[in-house]
Amino acid sequence: ADTPPLLTTLRTRLNSALGGAARAWLDQALDEAAAHPETDGPISVWELRIAEAGRRCGPEHAEAARVLLLHTAGADAPALARVYRQGTADERRAVLEALPHLVDGPEALPIVEDALRTNDTRLVAAAVGPYAARHLDAHNWRHAVLKCLFTGVPVDSVADLPRRARADAELARMLDDYAAERRAADRPVPHDLYRVLDLTGHPATPTGTGAPDSVTDPTAPDGKES
């Protein structure tokens, strides 16, 4: 099979950026991932290499190395969930970045939903990528957009935002209610909120309209709405 363009790009970038020892380590790690993608005992060889990548490649190149390893191993949803569950925040972000290219269906959504419950803005930004755009249902996708506004993640991080926001009256009501809450608390309304509201095509509406979706801050403990 042809190598996906993403892998070729990452490999080229890493080959030019890494020093000799790091490049040799990555070559060996990728060969191992290709030869033994399955779990051998409690953990597979390539999963151990994902944990080593920061030390071996340096923090600035570790994410690209991890994404390459995940792709080369052909990690499926259960393997990705395992790496995510056991990983550091940086390793979890690599899983989120790799998701759209490795899992076609919605079976990895629990990973995205977990990341959206955190207050780690790097995880939130990675969680609202192309996989979420394809698979999050309308209710949870709206709350993902609100989560970005609550935590200060730029809405430019939200993949496919114009298409999914288009004509979404419910999202418009949630945005308007949140803006009203901010104004009532004498706090600034994020500029990004007005950008998303404009994408919905709906003008601002009066608050208290009884919208079925609440605007409760999803950064509250366990992300539950009141």
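Among the candidates 119, 140, which residue alone is at pLDDT below 95 and more than 14 Å from residue 193 (Cβ to Cβ)?
Exactly one residue qualifies, and that residue is 119.
Where residues in the stretch 162-173 are of a type outside the set (D, E, K, R) and open to solvent by 10 Å² or more (accessible area, probe 1.4 Å), which of them is farthest from residue 97 (Cα to Cα)?
Once the filter is applied, the top-ranked residue is 169.
Matching residues to (1) under 8 Å from the mean Cα position of the chain (by Cα); (2) crowded, with 17+ Cβ neighbours inside 10 Å:
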residue	(1), (2)
88	no, no
92	no, yes
97	yes, yes
100	no, yes
109	no, yes
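So residue 42 ticks every box in (1) loosely packed, with under 14 Cβ neighbours inside 10 Å; (2) at pLDDT 90 or above but one. Which box is left unticked?
(2)
Could you grab me the full set of residues in the stretch 143-169 that are in contact (Cβ under 8 Å) with a residue 40 or more places away in the chain and within 9 Å of residue 200 (Cα to Cα)?
Passing the criteria: none in range.
Take residues that are under 26 Å from residue 132 (Cα atoms) and tell me which of the helices (runs of 4 or more DSSP H) falling wholly in the stretch 1-104 contain 2 or more.
Counting at least 2 such residues, we get 5-17, 45-57, 59-73, 77-86, 89-102.
For residues that are open to solvent by 70 Å² or more (accessible area, probe 1.4 Å) and part of a helix (DSSP H, G or I), scanning just the stretch 174-186, find the one that is farthest from residue 148 (Cα to Cα).
184
Given the residues 142, 122, 134, which is the only one that is over 14 Å from residue 157 (Cβ atoms), assigned by the TED database to the domain that holds residue 164, of a type outside the set (Gly, Ala, Ser) and open to solvent by 70 Å² or more (accessible area, probe 1.4 Å)?
Matching residue, one of 142, 122, 134: 134.
Please indicate, with yes or no, whether at least one residue in the stretch 152-163 is under 30 Å from residue 7 (Cβ atoms), within 11 Å of the chain's Cα centre (by Cα) and in the same structural domain as residue 44 (by the TED database).
Looking for residues that are under 30 Å from residue 7 (Cβ atoms), within 11 Å of the chain's Cα centre (by Cα) and in the same structural domain as residue 44 (by the TED database), one finds none in the stretch 152-163, hence no.
The values are calculated or read from the model by the stated rules, or taken from the named source; none is laboratory data. Everything numeric in this text was worked out from a predicted model, so none of it was measured. Methodologically, a virtual Cβ is constructed for each residue, glycine included, from the backbone with ideal geometry; neighbour enumeration extends over all protein chains shown. Ligands, DNA and RNA are excluded from the accessible area calculation, which covers all protein heavy atoms including side chains. Shrake-Rupley method; radii C 1.70, N 1.55, O 1.52, S 1.80 Å.
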